[in-house]
């Protein structure tokens, strides 16, 4: 009972972060749940809240068809990389998935704080997008976190704000579906965890609504900096605990 209350509180907080800055639900959820349980179990709980919130973000945008055509190679790369790498996160007897998760959170926090001004020329997208997708899928399959390198790469494409938000929704939706398929393939998605994942959807949506309300009342940059500092500390602690 205490564990389930913790899970619901985690998804409320993760939804709030996503509501304020437009991303972060899977990252926060995997980081905080990974303190209490193996990454494979945390990833299974993540499936439905992530899918629902990212579909919402994807379908609310203006140019789904155009983005899908432009980023189709990246999405195929995410699918392939995740399916190939999902065996790593399913290995609950290994400390490496926890270490990989911690290092991924730390890397994401460092990139988020540095905010490098990367740019990918349009003429290079046709070959860089599938590579970015494959790398994102590999990280997703190993850790359950699908922000590296997808978020920096999409941010470097020069998309408008609404297009970027929708592109992130597309990438996260495909990553969630691919992760669910990979977990199922390796027998790490039992029905009881899907039931608990369904219970986590309402607090995630409530957190998003609260985050939307909070977004107009706090400085997004201040919130963002605090988010990445906290995420970096959490990632460093997880990596140290797994490797020590």
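The values are calculated or read from the model by the stated rules, or taken from the named source; none is laboratory data. Computed from a predicted structure; not experimentally measured. Methodologically, a virtual Cβ is constructed for each residue, glycine included, from the backbone with ideal geometry; neighbour enumeration extends over all protein chains shown.
What helices (runs of 4 or more DSSP H), lying completely within segment 1-82, carry at least 1 residues that are free of Cβ contacts under 8 Å to residues at least 12 places away in the same chain, touching a helix residue (DSSP H, G or I) at 6+ places or on another chain (Cβ under 6 Å) and more than 22 Å from residue 157 (Cα to Cα)?
none
For segment 114-132, check the following and say yes or no: at least one residue is part of a helix (DSSP H, G or I) and closer than 25 Å to residue 236 by Cβ. For segment 114-132, residues part of a helix (DSSP H, G or I) and closer than 25 Å to residue 236 by Cβ: present. Residues of segment 201-208 include none that is modelled with pLDDT of 85 or more, more than 16 Å from the chain's Cα centre (by Cα) and surrounded by fewer than 14 Cβ atoms within 10 Å (Cβ to Cβ).
Quick check, is residue 86 over 25 Å from residue 161 (Cα atoms), assigned to a helix (DSSP H, G or I), within 19 Å of the chain's Cα centre (by Cα) and modelled with pLDDT of 90 or more?
Against the criterion (over 25 Å from residue 161 (Cα atoms), assigned to a helix (DSSP H, G or I), within 19 Å of the chain's Cα centre (by Cα) and modelled with pLDDT of 90 or more), residue 86 does not qualify.
Condition test on residue 8, is it modelled with pLDDT of 90 or more and farther than 20 Å from residue 215 by Cβ? So residue 8 fits the description; yes. Residue count for segment 153-164 satisfying the condition of being surrounded by fewer than 19 Cβ atoms within 10 Å (Cβ to Cβ), assigned to a helix (DSSP H, G or I) and touching a residue at least 12 places away in the same chain (Cβ under 8 Å): 2.
Within segment 143-152, can you find the residues that are surrounded by 24 or more Cβ atoms within 10 Å (Cβ to Cβ) and in a helix (DSSP H, G or I)?
Filtering segment 143-152 down to residues surrounded by 24 or more Cβ atoms within 10 Å (Cβ to Cβ) leaves 143-147, 150.
Hits for segment 143-152 are 143, 150.
The sole residue among 109, 129 that is more than 20 Å from residue 170 (Cβ to Cβ) and crowded, with 20+ Cβ neighbours inside 10 Å is 109. In the set 183, 189, 229, only one residue is touching a residue at least 24 places away in the same chain (Cβ under 8 Å), in a helix (DSSP H, G or I) and over 18 Å from residue 18 (Cα atoms); that residue is 183.
Scanning segment 106-149 for residues that are at positive phi and touching a helix residue (DSSP H, G or I) at 6+ places or on another chain (Cβ under 8 Å) gives a single hit, 144. Restricting attention to segment 21-54, the residues that are more than 26 Å from residue 96 (Cα to Cα) and surrounded by 24 or more Cβ atoms within 10 Å (Cβ to Cβ) total 2.
Considered as a group, the residues in segment 55-74 that are more than 18 Å from residue 137 (Cα to Cα) and within 18 Å of the chain's Cα centre (by Cα) include one that is surrounded by the fewest Cβ atoms within 10 Å (Cβ to Cβ), and that residue is 59.
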